[in-house]
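**Student:** Okay, here's the structure, questions in a sec.
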Ligand SMILES: [Fe+2]
């Protein structure tokens, strides 16, 4: 559902707080229920790199997978409480899901990622023989903010830092299958006939669901503004299974325009969030589109990072301009990620007082 800004939360029983890493951005509520977009509108939005919201698409299957979702929430809780995922997955109920096709090896440390909690290596086995090696599941925190207990479980293979050079469709498929063994609710996405028909129609091909991530956004957590463009991927599908999340999602071109318009029209509002020097730096960026693009795409966004992620006034501006989406259990969000010029930038907030559960898979052209 589209989000609506709420001025007086005490008068709105269903109001939810946008809060991330200690910053309270403000209150929102869901606007009148959305209906499913028709296929023509979906294709149009996809080609413009706009997020596509499919409300309630998975509602029936979320109910069918209630046991798996409950089980995943238990794994997430135990990881948060400090248990080793290696020990958890060694339990008979999980080994029954993995054996005889996947052999869990040891915990490995990538050594370059301070957000990593645990990384576990797996071999794929076929007829008792080693079939493929160096598949892995990595459990990470999503931020260093102490009160943010968000975690994610990412499934992939090979060298993390040199992914583009690997390109191994077999191990890519096996890593995806590994995710489905540990979190069987992945089948919600892979086996949904209506979703797959929609995607085939829109993309002109049957996509594979790769680079799977199971997300648990926790109170005070979520994701800062980013894009997910990767060579060989078309976009991302996100499915909310438990809890609610609030999103800001818009094409890069629209984000650039909103930044420039906000700095031109809303400058007076910014004094609440920025000092004079920072304001001058922002306006300097906004005066030149290329300069703004360079800042947005750079590793260190500087004061622009503050505007995007820490300015309640800018968050409100984007919500009031129709870029806010509220996801409830059973909702699906498609995020086009064609190229850096044509992709959907997005930021996420957890809207509840307890952690949620969601799936996020990359869409890749099928073999
Ligand atoms: Fe993302």
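We did not get these values from a lab; they are worked out from the coordinates using the rules stated. Being a predicted model, the structure only gives us computed values, none of them experimental. We place every Cβ from the backbone using ideal geometry, glycine too, and count neighbours over all the protein chains shown.
**Student:** What are the equivalent ellipsoid semi-axes of region 225-280, built from the alpha-carbon gyration tensor (square roots of five times its eigenvalues), in whole angstrom, biggest first?
**Tutor:** Equivalent ellipsoid semi-axes, largest first: 31, 17, 10 Å.
**Student:** May I pose another question? For an R0 of 56 angstrom, estimate the FRET efficiency from the Cβ-Cβ distance between residue 260 and residue 101 and round to the nearest 0.05.
**Tutor:** Efficiency, from the Cβ-Cβ distance: 0.60.
**Student:** If you build the convex hull over the alpha carbons only and average its shadow over all orientations, what do you get for region 303-367? Give it in nm² to one decimal.
**Tutor:** Its average projected convex-hull area is 6.7 nm².
**Student:** Turning to a different aspect of this structure: Taking only Cα atoms, what is the 0 to 90° angle, nearest 10, from helix 252-265's long axis to the longest principal axis of the chain?
**Tutor:** 30 degrees
**Student:** Here's another thing I want to ask about it. Principal axis extents for region 51-103, Cα atoms only, whole Å, descending order, please.
**Tutor:** Result, largest extent first: 37, 29, 22 Å.
**Student:** From the helices alone, meaning DSSP H stretches of at least four residues, give me the mean residue ellipticity at 222 nm for the chain, per-run term -39500 (n - 2.57), in deg cm²/dmol to the nearest 500. Mind showing how you got there, number by number?
**Tutor:** On the way: 15 runs with 130 residues, N = 367.
Mean residue ellipticity at 222 nm (helix-derived): -10000 deg cm²/dmol.
**Student:** Fully extended, how many nm does the chain gain between residue 90 and residue 338 (0.36 nm per residue separation, minus their Cα-Cα distance)?
**Tutor:** This chain segment gains 85.4 nm when fully extended.
**Student:** Sort 283, 85, 350 by Cβ crowding within 10 Å, fewest neighbours at the top.
**Tutor:** 283, 85, 350
**Student:** Can you put 52, 120 in order of Cβ neighbours within 10 angstrom, beginning with the fewest?
**Tutor:** 120, 52
**Student:** Please find, in a Gaussian network model of the chain (springs between Cα atoms separated by less than 10 Å), the residue of 311, 156, 127 whose mean-square fluctuation is greatest.
**Tutor:** 127
**Student:** If you take the C-alpha gyration tensor of region 1-46, multiply each eigenvalue by 5 and take the square root, what semi-axes do you get, largest first, in whole Å?
**Tutor:** Values for region 1-46, descending: 28, 14, 7 Å.
**Student:** What is the spin-label model distance, in nm, from residue 123 to residue 294 if the labels are put 7 Å beyond Cα along the C-beta direction?
**Tutor:** Calculated label separation equals 5.1 nm.
**Student:** Another one. Give me the percent relative contact order of the chain, please, defined on Cα pairs under 8 angstrom at least 6 residues apart.
**Tutor:** 28 percent
**Student:** Angle, helix 169-182 long axis vs. longest principal axis of the chain, Cα atoms, 0 to 90°, nearest 10?
**Tutor:** The answer is roughly 90 degrees.
**Student:** Under 10 Å, Cα contacts only: if you run a Gaussian network model on the chain, which one of 175, 272, 124 comes out with the highest mean-square fluctuation?
**Tutor:** 272
**Student:** Sorted from fewest to most neighbouring beta carbons within 10 Å, what does the list 216, 84, 35 look like?
**Tutor:** 35, 84, 216
**Student:** Picking from 207, 37, 114, which is most flexible by a Gaussian network model of the chain using Cα springs under 10 Å?
**Tutor:** 114
**Student:** Could I ask something else about it? Stokes-Einstein D for the chain at 10 °C, 1.306 mPa s, Kirkwood Rh over Cα pairs, in µm²/s?
**Tutor:** The diffusion coefficient I find is 74 µm²/s.
**Student:** Note the angle between two axes, namely the Cα long axis of helix 193-203 and the longest principal axis of the Cα atoms of the chain, as a number of degrees from 0 to 90, rounded to the nearest 10.
**Tutor:** 60 degrees
**Student:** Give me log10 I(q)/I(0) at q = 0.10, 0.21 Å⁻¹ for region 55-212, Debye formula, one equal scatterer per alpha-carbon, no solvent.
**Tutor:** -0.41, -1.48
**Student:** Based on the Cβ-Cβ distance of residue 35 and residue 287, what FRET efficiency does E = 1/(1 + (r/R0)^6) give at R0 = 35 Å, to the nearest 0.05?
**Tutor:** 0.30
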